[in-house]
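Working notes for the structure below.
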Amino acid sequence: MNTIPTTFNERRVPHTVIGGTVRKADEPIDALTVILLNRGGRFYRSAVFQNLESAGIVSLISVEMSTETYDVESLSARFPRVKFLVPREKVTVGELINTAMAETQSPHVLVLWNDQRLPQTGLNPRVLEKLAEDPVLCTVPSLTGQRLESVPVCMVPAFSGRSLSVEPIPGARDQALTVYAFDYSGVYDRQRFISLGGFDPAIVNPYWQNLDFGFRAYLWGERLAISTSMRLTYEGEIPREDVTPDSSYITFYLKNLAPVFGKKGISLPRRAFLTLLAKGGMNFFEAFALFSRISRWIEDNRTRFEADARRIISAWELT
């Protein structure tokens, strides 16, 4: 298994950057940057860039999800202000977001997909104003499907016995907290994102990678809040999340649910190793190696933890 990083973008993704060298004379240095993640092949890419330009986006990083660059050169010529980021190997969505975050200096970064659309009026200025008044790690948008049906984005964690469940709550109020940003979409405070360490490349399943990032945020004193003033609309099918408790879940569990506070602060208790050995589908040496790596990671970050999972979820149930 991959080593868990201790600093942001520690595992640097080999990639190529094409274009993005042209800037408007009046473009502010601190302009909002959009990280555009590309999936599927049926969305007309020129129309996507035109839509974002019409919405007032002046800083754009288009992230390719594969190593293929067959149309990037021609698109770069048509859209010289767009920076195209092409990985040289297959990596996770979170790693691509980390890499794109390292390519910008903007204080706020909007992550969205090529099958999501901003309103023609662009991003509501109130969103960034609210961030200036009450900074959060990520402002999560309201989402609708192509038939304007509402997509639940308020994700609430709870314990069912000893198992974690994350329930989508429809019709969330403005500034309601969510444990993760559905589909990775939202406006991220870049410095807070970097301080948190970004997404963990050791977790491959997108659902558990995303939930790991969000849960870690609350364990370390950060928040993700929903903004009803910001809305994105899917033009394709709403993505389905694979919540299967696979090997990615095991890493998520050990990093987020298993650590507890004791007299000497946060630690990974020995009983977590016995649980891993009994239910993790690993032999003794594999389980011991993973347990040791995560124990070291927790020790390296022990001063960052402000709560453990039980305390976070108990507090959530009281809101």
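Things worth noting here:
- Theoretical FRET efficiency, 1/(1+(r/R0)^6), r = Cβ-Cβ of ARG126 and THR67, R0 30 Å, to 0.05: 0.15
- For ILE250, ILE298, the ranking by accessible surface with the largest value first comes to ILE250, ILE298, using a 1.4 Å probe.
- With Cα atoms, 0 to 90° folded angle of helix 206-219 axis to the chain main axis: 70 degrees
- Against the criterion of solvent-accessible heavy-atom surface with a 1.4 angstrom probe, MET65, MET282, MET230 sort, most first, into MET65, MET282, MET230.
- Against the main long axis of the alpha-carbon atoms of the chain, helix 45-54 sits at an angle near 80°.
- Nearest-0.05 FRET efficiency for GLU133 and SER163, computed from C-beta distance (R0 45 Å): 0.75
- Taking Cα atoms only, the orientation of helix 270-279 departs from the longest principal axis of the chain by about 70 degrees.
- Extended-chain gain in nm, criterion 0.36 nm per residue less alpha-carbon gap, GLN175 and VAL260: 27.7 nm
- Taking 0.36 nm per residue of separation and subtracting the current Cα-Cα distance, fully stretching the chain between ALA77 and LYS279 would add 67.4 nm.
- Stokes-Einstein D for the range 130-249, Kirkwood Rh over Cα pairs, 20 °C, 1.002 mPa s (µm²/s): 144 µm²/s
- Distance between modelled label sites at ARG270 and GLU299, nm, 7 Å Cα→Cβ extension: 1.5 nm
- About the Cα centre, charge dipole magnitude for the chain (Lys/Arg +1, Asp/Glu -1 at Cβ), debye: 760 debye
- Given R0 = 35 Å, the distance between the Cβ atoms of ASP242 and LEU318 translates into a calculated FRET efficiency of 0.70.
- Only helices enter this figure: runs of n ≥ 4 DSSP H residues, each worth -39500 (n - 2.57), summed and divided by the residues of the chain, yield -9000 deg cm²/dmol at 222 nm to the nearest 500.
- Put a dot 7 Å past the Cα of GLU286, heading toward its Cβ, do the same for THR21, and the two dots end up 4.8 nm apart.
The values are calculated or read from the model by the stated rules, or taken from the named source; none is laboratory data. This structure is a prediction, so every number in the text was calculated from the model and none was measured. When we count neighbours, we look across all protein chains shown, and the Cβ atoms used for this are built from the backbone with ideal geometry, even at glycine. Ligands, DNA and RNA are stripped out before the accessible areas are found, and what is left, the full protein with its side chains, is counted by its heavy atoms. Shrake-Rupley method; radii C 1.70, N 1.55, O 1.52, S 1.80 Å.
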